[in-house]
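Scroll down for the structure; my scribbles are underneath it.
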Amino acid sequence: MRFFYTPSFITKVSRRCIWNIPGDEKCIYLTFDDGPTESVTPWILEILRKYNAKATFFCVGNNVKNYPEVYQQIISEGHITGNHTFNHTNALRVSKEQYLEDISNCSELVKSKLFRPPYGKISARHSKAFLSLGYRIIMWTVLSYDFDLSLPPDKIIQKCIRHTSQGTIIVFHDNIKSF
């Protein structure tokens, strides 16, 4: 089963993570994972600029290393960045030590205490370790499924809108798989 929104039972179990950002302002939070990439990220930045919108980019360290000029463009245009590990590593497939090293390697390039685990996979022991290092673990309210090329773009947009309200965090991707 595919959830475009995060079920409440998951957010209750993972209280250490931020799933939405409630507030007084009518605001939603656009986030992009897996970049920067040379082919997709500049296009996204152009659209954000056109609509005077800001976003948070959860960057893969290896991509920042390969496309430093695109990463600098994200920063110079006033967007926020976050750590998405150096190698887009699945936390549940490596030791805690290996995972923390991957995050540390990314943090040498991405100076941020915001962290989003690739695939949204994180264990309680990992989250405890990240929090002790001062990270804020940012998850999402709505997963766009923009990486599933079998879904028509209009269906993705409709599903995202249907599940969006004040404080919603929506995750998109700025990688070639979602373009």
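The values are calculated or read from the model by the stated rules, or taken from the named source; none is laboratory data. All of these numbers come straight from a predicted model, not from anything done at the bench. Virtual Cβ from ideal backbone geometry, glycine too; neighbours counted across all protein chains shown. SASA here: full protein model, heavy atoms, side chains in, ligands and nucleic acids out. Shrake-Rupley method; radii C 1.70, N 1.55, O 1.52, S 1.80 Å.
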(Q) Looking at the chain as a GNM with Cα springs under 10 Å, which of 35, 78, 23 has the largest mean-square fluctuation? (A) 23
**Q.** Where the range 93-179 is the region considered: accessible area per residue in Å², 1.4 Å probe
**A.** 53 Å²
Q | Per-residue [θ]222 nm for the chain (sum of -39500 (n - 2.57) over DSSP H runs n ≥ 4, rounded to 500) | A | -9500 deg cm²/dmol
Q) What is the set of long-range amide H partners of residue 168 at a cut-off below 5 Å, with H atoms built 1.01 Å from backbone N? A) 21, 29
Q) Which is farthest toward the positive dipole end of the range 1-151 among 60, 98, 132, measuring Cα position about the Cα centre, with Cβ charges +1 (Lys, Arg) and -1 (Asp, Glu)? A) 132
Q: Give 54/155; 50/155; 26/96 a once-over and call out the pairs whose C-alpha atoms are over 27 Å from each other.
A: 26/96
Q) Quick one: putting +1 on the C-beta of Lys and Arg, -1 on the C-beta of Asp and Glu, what dipole do you get for the range 117-179 around its Cα centre, in Debye to the nearest 20? A) 320 debye
**Q.** Residue of 48, 151, 100 that the Gaussian network model of the chain assigns the largest fluctuation, springs spanning Cα pairs under 10 Å
**A.** 151
Q | Amide proton proximity set for residue 32, modelled H, under 5 Å, gap of 5+ | A | 56, 57, 58, 172
Q: Report the Stokes-Einstein translational diffusion coefficient (µm² s⁻¹, integer) for the chain, Rh taken as the Kirkwood radius over Cα pairs, at 4 °C with viscosity 1.567 mPa s.
A: 78 µm²/s
Q) Roughly what % of Cα-Cα distances in the range 108-152 sit above 11 Å, to the whole percent? A) 74 percent
Q. What longest range of the chain stays clear of loop-exposed GluC sites (Glu not before Pro) (DSSP non-H/G/I/E/B, at most 16 other C-beta within 10 angstrom)?
A. 109-179
Q.
Using Cα springs under 10 Å in a Gaussian network model of the chain, which residue among 45, 149, 109 shows the largest mean-square fluctuation?
A. 149
Q: Quote the charge dipole size of the chain about the Cα centre in Debye, to the nearest 20; the model charges only the Cβ of Lys and Arg (+1) and of Asp and Glu (-1).
A: 780 debye
Q) How large, in percent, is the carbon and sulfur part of the accessible surface of the chain at a probe radius of 1.4 Å? A) 55 percent
Q: Sticking to Cα atoms, compute the Rg of the range 24-83 to one decimal and its Dmax as the biggest Cα-Cα distance, whole number, in Å.
A: 11.4, 39
Q.
Stokes-Einstein diffusion coefficient for the range 35-137 at 20 °C in a medium of 1.002 mPa s, Rh from the Kirkwood formula over Cα pairs: what value in µm²/s?
A. 154 µm²/s
